[in-house]
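Asks: I'd like to ask some things about the structure below.
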Amino acid sequence: MNRGYKLQITKLNTVTAEEIVAQLSDAVHEHRLKPGVKLREDEVSEVFGVSRTIVRQALRNMAFDGLLTIEKNRGAFVSKPTMKEAHEVFQARALLEPSTARAAAERTTPADIVKLQRHIKEEHEALDQGQLGLALKLSGDFHLEIARIADQQTIEHFLKQLISRSSLVIALYWKRRNAICENNTHHTLLEALRNNDGSTAEDLMTGHLLDIYSQLDLREHEGKPVSLKDALRR
């Protein structure tokens, strides 16, 4: 048991539903909790030292975000997108993100560039350390930051859900372990945004999403089971 995990379980009775959602969501996005894994209320309650009432609230919130599926008389499971859903997720992203990148390029400020550079640096460090799930989450955050810069709040909300679903899709269907946004692509996008070049940003995002989609192997796969305690360890 590492130090980070000890800190999590010593905060008995002070953990909120929002904090549980944050930790479990990170575990899903970083592929420490795989699609199809069951989250038992009693186990979540024990790990976080909270009542089942708080656990239920957290699980419901995650289900609303699309990360969990709650089945009557069976419990909560990490969502497991079908191949049809995988196609639809990337079709939706291809419709929304290129135009969002164009809009972002027209509004990008030097402060925005600094934030995006930080995202790329952290993603690169995660890849260097072999933390591919974390790199994937950071990659998604990069895309959400572009939506934020575009100042399209409704689209940003949709993209947040789509990118969450994309993480589950990649966990199930990636063809090889580098099915993560390439750093060079993000650097190229960054330069288009820095230059306020909307047309180039739009084209780059279109090709970028196609590249990610082409790296997926859209066949059914079974993941290895993992305990909740192990999944929450970093």
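Asks: Among the residues of the range 123-147, how many are in contact (Cβ under 8 Å) with a residue 12 or more places away in the chain, assigned to a helix (DSSP H, G or I) and not hydrophobic (A, V, I, L, M, F, W, C)?
Replies: 9
Asks: Can you name the condition, by its number, that Ile70 falls short on among (1) outside the structural domain of Leu159 (by TED's automatic domain parsing); (2) in contact (Cβ under 8 Å) with a residue 24 or more places away in the chain; (3) hydrophobic (A, V, I, L, M, F, W, C)?
Replies: For Ile70, the failing item is (2).
Asks: For the range 53-61, state whether one or more residues are small (Gly, Ala, Ser) and in contact (Cβ under 8 Å) with a residue 60 or more places away in the chain.
Replies: Looking through the range 53-61, none of the residues is small (Gly, Ala, Ser) and in contact (Cβ under 8 Å) with a residue 60 or more places away in the chain.
Asks: Can we say Glu18 is at pLDDT 90 or above, part of a helix (DSSP H, G or I) and closer than 26 Å to Leu136 by Cβ?
Replies: Numbers: at pLDDT 90 or above: yes; part of a helix (DSSP H, G or I): yes; closer than 26 Å to Leu136 by Cβ: yes.
Here the answer is yes, as Glu18 does meet what is asked.
Asks: Kindly indicate whether any position in the range 78-99 is more than 30 Å from Glu41 (Cβ to Cβ) and assigned to a loop (DSSP other than H, G, I, E, B).
Replies: No, because not a single residue in the range 78-99 is more than 30 Å from Glu41 (Cβ to Cβ) and assigned to a loop (DSSP other than H, G, I, E, B).
Asks: Restricting attention to the range 41-77, report how many residues are in a helix (DSSP H, G or I) and charged (D, E, K, R). Steps first, please.
Replies: Let us first name the residues in the range 41-77 that are in a helix (DSSP H, G or I), namely 41-48, 52-64.
Right, trim to charged (D, E, K, R) and you get 41-43, 46, 52, 56, 60.
Matching residues across the range 41-77 total 7.
The values are calculated or read from the model by the stated rules, or taken from the named source; none is laboratory data. No experiment lies behind these values; they were computed from the predicted model shown. Neighbour counts are summed over all protein chains in view; Cβ atoms, including those assigned to glycine, are modelled from backbone coordinates with ideal geometry.
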